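The values are calculated or read from the model by the stated rules, or taken from the named source; none is laboratory data. Bear in mind the structure is a predicted one, so any value in this text is a computation, not a measurement. Cβ placement follows ideal geometry from the backbone for every residue including glycine, while neighbour counts extend to all protein chains displayed.
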Amino acid sequence: MLIGNQTWLFENKPVIVSTGTVAGPLEAEGNLREDIDHFYDDVWLDQPSFEQAQTILMEDASKIAIQKSGLSQESMQFFISGDLINQITPTTFAAKTLGLPYFGLFSACATSMESLALSAMIINGGGADYILSGISSHHAATEKQFRYPTEYGGQSPPTAQWTVTGAGCAVVGKLGKGPKITSATIGNVVDLGITDPFNMGEAMAPAAVDTIIAHLNDRRILPNYYDLIITGDLGKIGRQTALQLLEDNDIQLPEQQFLDCGVLIYTDEQPVLAGGSGAACSAVVLYSHIFRLLQSGVVRRVLIAATGSLHSPLSIQQKKSIPTIAHAVSIEME
């Protein structure tokens, strides 16, 4: 059911039945090493290219999620996913291996919640019983496409962020004992004229705030309805910008209530500059750490707004500004 201008309320409350998360060696040294299901020793994953390695990330996260659900792969009626690479080819090759009907998506790093929102919408309306919903990213593949190949050794400014090498996947179903997906707010494209591709956090912060405000207004709830409000990958700089923008809109959030996946995934000692980013950043954190907090009852209600920068190398070369978007999904444990 549509409420307000851009929020779906899911009366049938689709369930996150199970999740699967995988990540690379740098992530294994981060804050979530006890929560993520599987780590790899190197970023090549025994593949001839980083893009093919990313395909393995998506396949493995999917298989782990299915195995933990206790269901068969044939029970999954759709695979809804995407990535950052041209033509989302890593995800497409993973879909070929999985052999499932496939929706390929692109909302940059907001794709994780776009996938989850669409999965919940389809299940809520009776269009499927079980859907595999996920996302992946690979640091070296993303750097090669959007910035410089890692072999080049280019220096990044302090505002830059580190693309997560990993994948997160969820089995979303109409029945189960896991956390419920209760609503989703689909974001607008927000562009405040920022042109620096090495400052994604600040570029995306206005989109995150725009979607969070829309969600609260559409549902007619106060921020304290949620135990946690989490952004996807604003990093340290973008998170502070978002907090200031929320305050400018008369929304006061305590520091401990407003988290960011790009800040959570790495430690302060790791060489990630302003924090984590990438399409897998929000999915890996949500489907590992946050999912376990919900399962254990430490938190009962969370809103996660994944943020995406919708630029391309070509648009940056043509001196265009950076359009951004955020999609938010609320998840609650009954």
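Listing for the model above:
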item	result
Output for the range 73-84, where each listed residue is touching a helix residue (DSSP H, G or I) at 6+ places or on another chain (Cβ under 6 Å) and either within 13 Å of Ala279 (Cβ to Cβ) or surrounded by fewer than 24 Cβ atoms within 10 Å (Cβ to Cβ) (or both)	Gln73, Ser81, Gly82, Asp83, Leu84
Index of the failed condition, Gln257 passing every other in (1) modelled with pLDDT of 95 or more; (2) within 24 Å of Ile194 (Cβ to Cβ)	(2)
Checking Thr241 against (1) touching a Gly at 6+ places or on another chain (Cβ under 6 Å); (2) under 17 Å from Ala305 (Cβ atoms), the condition it does not meet	(1)
Filtered residues of the range 1-30 (kept if in a loop (DSSP other than H, G, I, E, B) and touching a Leu at 6+ places or on another chain (Cβ under 6 Å))	Met1
Residues satisfying the stated conditions in the range 292-311, i.e. over 22 Å from Pro223 (Cβ atoms) and either within 9 Å of the chain's Cα centre (by Cα) or in contact (Cβ under 8 Å) with a residue 24 or more places away in the chain (or both)	Arg292, Gln295, Gly308, Ser309, Leu310, His311
Some residue of the range 219-240 being among the aromatic types (Phe, Trp, Tyr) and at pLDDT below 95	no
Subset of the range 144-176 (residues that are outside any loop (DSSP other than H, G, I, E, B) and either at pLDDT 90 or above or surrounded by 24 or more Cβ atoms within 10 Å (Cβ to Cβ) (or both))	Trp162, Thr163, Gly166, Ala167, Gly168, Cys169, Ala170, Val171, Val172, Gly173
Ala205 vs. criteria aliphatic (A, V, I, L, M), at pLDDT 95 or above and within 30 Å of Asn12 (Cβ to Cβ)	no
Residue list for the range 256-267, filter: of a type in the set (S, T, N, Q) and either crowded, with 20+ Cβ neighbours inside 10 Å or in contact (Cβ under 8 Å) with a residue 24 or more places away in the chain (or both)	Gln257, Thr267
Test: residue in the range 266-278 that is within 17 Å of the chain's Cα centre (by Cα) and of a type in the set (A, V, I, L, M, F, W, C)	no
Helices (runs of 4 or more DSSP H) wholly inside the range 265-334 that include at least 2 residues being of a type in the set (Gly, Ala, Ser)	279-285
Any chance Leu100 is on the phi < 0 side of the Ramachandran plot, of a type in the set (A, V, I, L, M, F, W, C) and over 20 Å from the mean Cα position of the chain (by Cα)	yes
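Residue-by-condition table, conditions (1) touching a Leu at 6+ places or on another chain (Cβ under 8 Å); (2) in the same structural domain as Ala205 (by TED's automatic domain parsing); (3) loosely packed, with under 15 Cβ neighbours inside 10 Å:
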{"residue": "Glu269", "(1), (2), (3)": "no, yes, yes"}
{"residue": "Leu286", "(1), (2), (3)": "no, yes, no"}
{"residue": "Ser296", "(1), (2), (3)": "no, yes, yes"}
{"residue": "Val299", "(1), (2), (3)": "yes, yes, no"}
{"residue": "Ser309", "(1), (2), (3)": "no, yes, no"}
{"residue": "Gln317", "(1), (2), (3)": "no, yes, yes"}
